[in-house]
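Accompanying notes for the structure given below.
The values are calculated or read from the model by the stated rules, or taken from the named source; none is laboratory data. Computed from a predicted model, the values in this text were never measured in an experiment. So basically every Cβ, Gly included, is an ideal-geometry build from the backbone, and we count neighbours across all protein chains shown.
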Amino acid sequence: PSLAPAPAYSPPAAAPLYTPSPAPVTPAPAPAPAPAAEGPPPKPVLARVLFSFAAQSAVELNIEEDDVVAVLAKSDPDGNSEWWRVRRGTATGFVPASYLEML
């Protein structure tokens with residue numbers, strides 16, 4: 001038997017290079033503006049304790065005569081100016097306004 005000649009070799013067609021479709025460009029959100037520098041924080045308003053006071057509820061603060069406290073508010077949440085909110089160290093609470101002398 002006679003063999004037929006093999007067909008001539010032809011390489012496969014070149015595949016196109018991979019090019020991803022462009023993704024939609026979404027601009028990054030603008031950063032929040034930095035708060036305006038208004039200088040140093042205000043100095044706390046200080047008061048000297050004239051008389052010791054023993055707290056009688058969880059919202060009141062124990063204070064001792066001659067303590068120095070920072071006055072945070074000159075009234076309670078109801079607007080009663082007879083009770084001031086003060087800070088002594090890290091503790092805060094209400095004390096009678098008449099027990100304090102502004103410095």
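So for the range 78-93 (the condition being in a loop (DSSP other than H, G, I, E, B), in contact with a strand residue (DSSP E or B) (Cβ under 6 Å, 6 or more places away or on another chain) and either over 14 Å from VAL45 (Cα atoms) or modelled with pLDDT of 95 or more (or both)), does at least one residue qualify? Explain how you work it out, then say what you get.
Going residue by residue through the range 78-93, those that are in a loop (DSSP other than H, G, I, E, B) are 78-82, 89-90.
In the following step, the residues that additionally are in contact with a strand residue (DSSP E or B) (Cβ under 6 Å, 6 or more places away or on another chain) were identified as none.
Within the range 78-93, not a single residue is in a loop (DSSP other than H, G, I, E, B), in contact with a strand residue (DSSP E or B) (Cβ under 6 Å, 6 or more places away or on another chain) and either over 14 Å from VAL45 (Cα atoms) or modelled with pLDDT of 95 or more (or both).
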Close pairs from the range 75-101: first closer than 19 Å to LEU50 by Cβ, partner assigned to a strand (DSSP E or B) and of a type in the set (S, T, N, Q), Cβ under 9 Å, at least 6 apart | ARG85/THR92; VAL86/THR92
Any hit, the range 12-33, residues being part of a strand (DSSP E or B) and modelled with pLDDT of 75 or more | no
Residue list for the range 51-77, filter: over 22 Å from PRO41 (Cβ atoms) and outside any loop (DSSP other than H, G, I, E, B) = PHE53, GLU60, ILE63
Only one of (1) of a type in the set (Gly, Ala, Ser); (2) assigned to a loop (DSSP other than H, G, I, E, B); (3) more than 24 Å from PRO42 (Cβ to Cβ) does not apply to SER98, and that is (2)
Output the residue which, of all residues in the range 60-73 that are surrounded by 15 or more Cβ atoms within 10 Å (Cβ to Cβ) and of a type in the set (D, E, K, R), is farthest from VAL95 (Cα to Cα).
-> ASP67
